[in-house]
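Throughout, read-outs are computed from the coordinates displayed, never taken from laboratory work. Keep in mind that what you see is a predicted model, and the values were worked out from it rather than measured. Using ideal geometry, Cβ is built from the backbone for each residue, glycine included, and neighbour counts are taken over all protein chains shown.
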Amino acid sequence: MYLRKRLGDRVRIKTTAGYIERGELKTATVHQELRVLRRMLNVAVRKKLLPSNPCAGVEFPVPVKGLFRRTI
């Protein structure tokens, strides 16, 4: 349910006058949010703050190519 809702959301840009809404979020953005959430929950499990990671069974929306680029 979260993935469907988040993929349907629009980009919100904060300005001094308020928020401007742009086009829909890209799947790479949602993919990165899930990666960060899963990492945070794994750290919480390692520090014994959670018994298990509830995000462990979540599948990513699409395979993202080229997300990891080496900087030289």
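Key figures for this structure:
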{"read-out": "Gain on full stretching of the segment that runs from LEU7 to GLU33 - 0.36 nm per residue minus C-alpha separation", "value": "8.2 nm"}
{"read-out": "DSSP-loop trypsin sites (Lys or Arg not before Pro) across segment 1-51, with at most 15 other Cβ within 10 angstrom", "value": "LYS26, LYS47, LYS48"}
